[in-house]
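Data block below; observations after.
The values are calculated or read from the model by the stated rules, or taken from the named source; none is laboratory data. Fair warning: this is a prediction, and the values are worked out from it, not measured in the lab. With ideal geometry, Cβ positions are generated from the backbone for all residues, glycine too; neighbour counts draw on all protein chains shown.
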């Protein structure tokens, strides 16, 4: 009798585990973001920010996002700082008009995050470190950028399309 009760409990437990495993998962879409620099030289005078028509081939810093397009819904940005010696971050903002520059505070060499509608960030990643940001996004174009002083104007930004 005792053996039958134990087997019944084991069967019930394994069935429950199987049912919970079989439930559909609504995981976020994953975007891999790599922040990096070819040199720690910061040159905001290059004016490589969005819609500034600077020569991006002169960029000393980069922010790459793969894939560059995802469906609307929950999106996770997995950010890795591939730099050997520079702290970077990734900030997410809507980019409704790609022909207009972001609000920029030249005295601080930074984007005004409040005016740029800051949606979230992975802040101050040491070299070799990673972090993640998960947000729910509607269709549109979004800007990813590093706002450590001078980095945005040194070419550290990219866009992602949400469909």
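Here are the numbers for the structure shown:
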| item | result |
| --- | --- |
| Test: residue in the stretch 37-56 that is modelled with pLDDT of 75 or more, part of a strand (DSSP E or B), within 15 Å of residue 145 (Cα to Cα) and in contact with a strand residue (DSSP E or B) (Cβ under 6 Å, 6 or more places away or on another chain) | yes |
| Tally, over the stretch 113-134, of residues that are part of a loop (DSSP other than H, G, I, E, B) and either under 18 Å from the mean Cα position of the chain (by Cα) or farther than 16 Å from residue 51 by Cβ (or both) | 10 |
| The listed residue being at pLDDT 80 or above and within 18 Å of residue 133 (Cβ to Cβ), out of 85, 73 | 73 |
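Yes/no matrix, rows are residues, columns are (1) without any contact (Cβ under 8 Å) to a residue 24 or more places away in the chain; (2) within 17 Å of residue 30 (Cβ to Cβ); (3) surrounded by 14 or more Cβ atoms within 10 Å (Cβ to Cβ):
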residue	(1), (2), (3)
69	no, yes, no
83	no, no, yes
92	no, yes, yes
96	no, no, no
115	yes, no, no
124	no, no, no
139	no, no, no
148	no, no, yes
151	no, no, yes
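Yes or no, residue by residue, for (1) modelled with pLDDT under 95; (2) closer than 13 Å to residue 34 by Cβ:
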site: 121; (1), (2): no, no
site: 125; (1), (2): no, yes
site: 128; (1), (2): no, yes
site: 137; (1), (2): no, no
site: 142; (1), (2): no, no
site: 145; (1), (2): no, no
site: 151; (1), (2): yes, no
site: 156; (1), (2): yes, yes
